[in-house]
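Chemist: To start, I am sharing the structure in question, which I have written as structure tokens.
The values are calculated or read from the model by the stated rules, or taken from the named source; none is laboratory data. What you are looking at is a predicted structure, and each value in this text was computed from that prediction instead of being measured. Glycine gets a Cβ as well: all are built from the backbone with ideal geometry, and neighbour counts include every protein chain shown. Quick note on the areas: whole protein, heavy atoms, side chains included, nothing else; ligands and nucleic acids left out. Shrake-Rupley method; radii C 1.70, N 1.55, O 1.52, S 1.80 Å.
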Amino acid sequence: MLHTGLNGRLAEIDREQYVFPEMAEQIADRLRGVRLEGMDDEIAGELTARMQSVNNDRHLRVRRATAGVSDGSGDWEAHCAAEAIQNAGGMRSVGRLDSRTGLLEIAPYTSPVHMAEGHVAAAFALLRGVERLVIDVREGRGGTPETVALICGYLLGSRPIHLQDLIDRAGDARQFWTSPAAARLPDEVPICVLTSA
């Protein structure tokens, strides 16, 4: 039996909210024909692969809800707050490779800025005095642009720097700038960033 209700709802959400309207219809078309009975990780993976096949947007994904997971109507803020504590706001590891070299690992993703700010400040407090810094984002999967701007405020000097604009479907832009932190690293500290695919 084909459950077109869930497929149809997923396609409807895509059409209404996906940032690129011209691609939303193509993505919705790719969702047709997936059998949803007995929803498991394999079916969720198939839906994800179909959604991403249009433009390889890794923000689009389907996950199978496990026991105790909300249907989306629950308290999302409480969920994010619990994850921010569990993930230290995205500051997976901070330390010294030697007395002069700091290491900051950012993973799996940065939490919303109001939940991550204390963790970010603590990480940079531990890095105070380093003469060089390695930032490891190889296991990072993304995060919120506000928190990225906060982190960059510790790294990019004493003047605000424009990082990016995010333009929504209606064409409205949100700008993201650094806000230099009082505990920022000195300008002469070289930074090496480890990345992956």
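Chemist: Give all pairs with beta carbons closer than 7 Å in which a residue from region 37-57 that is touching a residue at least 12 places away in the same chain (Cβ under 8 Å) meets a residue that is open to solvent by 40 Å² or more (accessible area, probe 1.4 Å) and part of a helix (DSSP H, G or I); count only pairs at least 6 apart in sequence or on separate chains.
Modeler: Arg50/Arg30; Met51/Arg30; Ser53/Arg30; Val54/Met23; Val54/Gln26; Val54/Arg30; Asn55/Met23
Chemist: I'm trying to understand the selection: among the residues of region 128-162, which are among the hydrophobic types (A, V, I, L, M, F, W, C) and in contact with a Phe, Trp or Tyr (Cβ under 8 Å, 6 or more places away or on another chain)? Spell out how you get there, then give the answer.
Modeler: Just the residues of region 128-162 that are among the hydrophobic types (A, V, I, L, M, F, W, C), to begin with: 130, 133-135, 137, 148-152, 155-156, 161.
Within region 128-162, Val148, Ala149, Ile161 qualify.
Chemist: Starting from residues that are free of Cβ contacts under 8 Å to residues at least 24 places away in the same chain and over 21 Å from the mean Cα position of the chain (by Cα), keep the ones in region 173-197 and report whichever is most open to solvent (accessible area, probe 1.4 Å).
Modeler: Out of the qualifying residues, it is Glu188.
Chemist: Those residues that are touching a helix residue (DSSP H, G or I) at 6+ places or on another chain (Cβ under 9 Å), modelled with pLDDT of 95 or more and open to solvent by 30 Å² or more (accessible area, probe 1.4 Å), I need them from region 122-144; list them, please.
Modeler: Ala122, the sole residue that qualifies.
Chemist: Restricting to region 134-149, what's the tally of residues that are under 22 Å from His162 (Cα atoms) and part of a strand (DSSP E or B)?
Modeler: Adding up the residues that qualify gives 2.
Chemist: While we're looking at this one, here's another question. Just to be sure I understand, how many residues within region 88-121 are of a type in the set (Gly, Ala, Ser), more than 15 Å from Ala149 (Cα to Cα) and surrounded by fewer than 17 Cβ atoms within 10 Å (Cβ to Cβ)?
Modeler: Number satisfying all stated conditions: 3.
Chemist: I need the full set of residues from region 150-161 which are in contact with an Asp or Glu (Cβ under 7 Å, 6 or more places away or on another chain) and in a helix (DSSP H, G or I), in order please.
Modeler: Selection gives Leu150 alone.
Chemist: Determine whether region 61-75 contains at least one residue that is under 29 Å from Ile43 (Cα atoms) and buried (at least 16 other Cβ atoms within 10 Å of the Cβ). Before you say what the answer is, go through the steps one by one.
Modeler: As a first pass, look at region 61-75 and keep what is under 29 Å from Ile43 (Cα atoms): 61-75.
If we keep only those that are buried (at least 16 other Cβ atoms within 10 Å of the Cβ) too, we end up with 62.
Yes: region 61-75 contains one or more residues that are under 29 Å from Ile43 (Cα atoms) and buried (at least 16 other Cβ atoms within 10 Å of the Cβ).
Chemist: Let me ask something additional. Identify all residues within region 113-136 that are under 22 Å from Ser99 (Cα atoms) and of a type in the set (A, V, I, L, M, F, W, C); write none if there are none.
Modeler: Matches in region 113-136: Val120, Ala121, Ala122, Ala123, Phe124, Ala125, Leu126, Leu127, Val130, Leu133, Val134, Ile135.
Chemist: Quick check on this structure: which one of Glu37, Glu22, Glu16, Glu42 is at pLDDT below 80, of a type in the set (Asp, Glu) and either loosely packed, with under 13 Cβ neighbours inside 10 Å or within 20 Å of Gly142 (Cβ to Cβ) (or both)?
Modeler: Unique residue meeting the criteria: Glu37.
Chemist: Could you tell me whether region 162-184 includes any residue that is touching a strand residue (DSSP E or B) at 6+ places or on another chain (Cβ under 8 Å), of a type in the set (Ser, Thr, Tyr) and part of a helix (DSSP H, G or I)? Can you show your working first?
Modeler: From region 162-184, those touching a strand residue (DSSP E or B) at 6+ places or on another chain (Cβ under 8 Å) are 162-168, 173-178; that's our starting set.
Checking the rest, the ones that are also of a type in the set (Ser, Thr, Tyr) come to 178.
With the extra rule that they be part of a helix (DSSP H, G or I), the set shrinks to none.
No - not one qualifying residue is present in region 162-184.
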